[in-house]
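Please read the structure below before turning to the comments.
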Amino acid sequence: MSEVAQDFSPLLRLYKDGHIERLLGVDIIPPVDPNSNVMSRDVVYSPALDLSCRLYLPKDTNPNQKLPLLVYFHGGGFLIETAFSSTYHNYLNTLVAEANVIGVSVDCRRAPEHPLPAAYDDSWTALKWVASHVNGDGPEEWLNSHADFSKVFFNGDSAGANISHQMAMRHGQEKLVGVNVAGIVLAHPYFWGKDPIGNEPRESSQRAFVEGLWRLACPTSNGCDDLLLNPLVDPNLARLECSKVLVAVAEKDLLRDRGWHYYEKLRENGWSGEVEIMEAKGESHVFHLFSPPGENARLMLKKISSFLNEDKA
């Protein structure tokens, strides 16, 4: 075995011979789940890059029933995980069933083999593919028949929350024709910055770990105040193209204060939408993915479900 060049345990290790060992999110499970109240299937959204998404539809959906459309971007620091791992398959099953929405869980290329902006570009390609169903004549019948394009939501955790934010910003500039992004849900968003804020650690080794992950994902970045990582320094933040935002943070998460500051910055930055925040006491980063039976995870699921159903929010 080659020597370890960089160790980012518990996420991944890089070896001197170029080998990458991912330590989490390596399992892939099929979309078929007979014990779920949700149907799912995998569909190619980018034949050129052989990229797919996993679609989710509640089994009791009527033939012509329109549902809010949730586009989900998985987390993993842009480095690990897929839309097809048990972690995300199980979570999307639960969320789609609870909220009664149609879901599109996007898989995209990962760094370091495909450094950023690859994941952002793939996510935008997926959104354009989703938008191709606006007139009911796209390639995927579930979206033609059941997606309500007046109620589209972007949702993600960690790096996926970062992507959700960036896609809403890009929608503000390039516009997905016929798509109304009603809201975005940012769960424990992966934002950072050069200077510590709030209760973030000042100690260099902890900050170096986060910064090393970012440099691995985006080697061409100008640093931790890159607009892709630190939206607080983005002069165009008020152009975020959606009507409402839900930020979820966890008390013991290293990224907690970034979520709070994003919430506060949106409120004071001239953005015209509604923003709310929820904090899970005593919990750590993406706890809801690994301990879904817990009370805080249940409350978070209920809150997100309510947010996705505007009439009940």
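The values are calculated or read from the model by the stated rules, or taken from the named source; none is laboratory data. Since we're looking at a predicted model, the values are computed, not measured. No Cβ is skipped: glycine too gets one built from the backbone with ideal geometry, and neighbour counts run over all protein chains shown. Side chains are part of the model used for accessible areas, which takes the heavy atoms of the whole protein and leaves out ligands, DNA and RNA. Shrake-Rupley method; radii C 1.70, N 1.55, O 1.52, S 1.80 Å.
In the stretch 192-229, of all residues being in a loop (DSSP other than H, G, I, E, B) and of a type in the set (Val, Ile, Thr), the one that is most open to solvent (accessible area, probe 1.4 Å) corresponds to 220.
Annotation: of all residues in the stretch 6-55 being outside any loop (DSSP other than H, G, I, E, B) and open to solvent by 60 Å² or more (accessible area, probe 1.4 Å), the one that is nearest to residue 82 (Cα to Cα) is 42. Filtered by the rule that a residue be open to solvent by 40 Å² or more (accessible area, probe 1.4 Å) and touching a Phe, Trp or Tyr at 6+ places or on another chain (Cβ under 9 Å), the stretch 95-113 gives 97, 110. Condition (residue is over 30 Å from residue 66 (Cα atoms), open to solvent by less than 60 Å² (accessible area, probe 1.4 Å) and modelled with pLDDT of 95 or more) applied to the stretch 152-161: is it met by at least one residue? No - not one qualifying residue is present in the stretch 152-161.
Selection over the stretch 296-307 of residues that are out of contact with any His (no Cβ under 8 Å at 6 or more places or on another chain) and either modelled with pLDDT under 95 or under 13 Å from residue 94 (Cβ atoms) (or both) gives a count of 4. Can you name the residue in the stretch 62-79 that is open to solvent by less than 10 Å² (accessible area, probe 1.4 Å) and either touching a Phe, Trp or Tyr at 6+ places or on another chain (Cβ under 9 Å) or without any contact (Cβ under 8 Å) to a residue 60 or more places away in the chain (or both) and is also nearest to residue 288 (Cα to Cα) among such residues? Applying the filter and picking the extreme gives 75. Checked against the criterion of being assigned to a helix (DSSP H, G or I) and touching a His at 6+ places or on another chain (Cβ under 6 Å), the stretch 148-169 contains one or more residues that satisfy it.
Under the condition of being farther than 20 Å from residue 154 by Cβ, open to solvent by less than 30 Å² (accessible area, probe 1.4 Å) and part of a helix (DSSP H, G or I), the residues counted in the stretch 231-268 number 1. Flag set for residue 59, criterion: at pLDDT 95 or above, closer than 18 Å to residue 30 by Cα and either charged (D, E, K, R) or buried (at least 17 other Cβ atoms within 10 Å of the Cβ) (or both). If we scan the stretch 177-184, do we find a residue that is under 23 Å from residue 79 (Cα atoms) and either open to solvent by less than 30 Å² (accessible area, probe 1.4 Å) or of a type in the set (Ser, Thr, Tyr) (or both)? Checked against the condition, which is being under 23 Å from residue 79 (Cα atoms) and either open to solvent by less than 30 Å² (accessible area, probe 1.4 Å) or of a type in the set (Ser, Thr, Tyr) (or both), the stretch 177-184 yields at least one hit. On inspection, residue 230 fails the criterion of being among the polar types (S, T, N, Q), farther than 24 Å from residue 174 by Cα and out of contact with any Pro (no Cβ under 7 Å at 6 or more places or on another chain).
For the stretch 162-176, a residue qualifies if it is among the hydrophobic types (A, V, I, L, M, F, W, C) and either surrounded by 24 or more Cβ atoms within 10 Å (Cβ to Cβ) or within 9 Å of the chain's Cα centre (by Cα) (or both), and the qualifying residues are 163, 167.
Which of the residues that make up the stretch 190-222 are over 24 Å from residue 22 (Cα atoms) and not hydrophobic (A, V, I, L, M, F, W, C)? Within the stretch 190-222, 193, 194, 195, 196, 198, 199, 200, 201, 202, 203, 204, 222 meet the criteria. In this structure, residue 185 does not satisfy being touching a strand residue (DSSP E or B) at 6+ places or on another chain (Cβ under 6 Å), within 29 Å of residue 306 (Cα to Cα) and either part of a loop (DSSP other than H, G, I, E, B) or among the acidic types (Asp, Glu) (or both).
Consider the stretch 125-142 and keep the residues that are in a helix (DSSP H, G or I) and touching a strand residue (DSSP E or B) at 6+ places or on another chain (Cβ under 7 Å). The one that is surrounded by the fewest Cβ atoms within 10 Å (Cβ to Cβ) is 125. List the pairs whose first member sits in the stretch 291-309 and is open to solvent by 40 Å² or more (accessible area, probe 1.4 Å), whose second member is of a type in the set (Asp, Glu), and whose Cβ atoms are under 8 Å apart, counting only residues at least 6 apart or on separate chains? Within 8 Å, the pairs are 296/283; 302/98.
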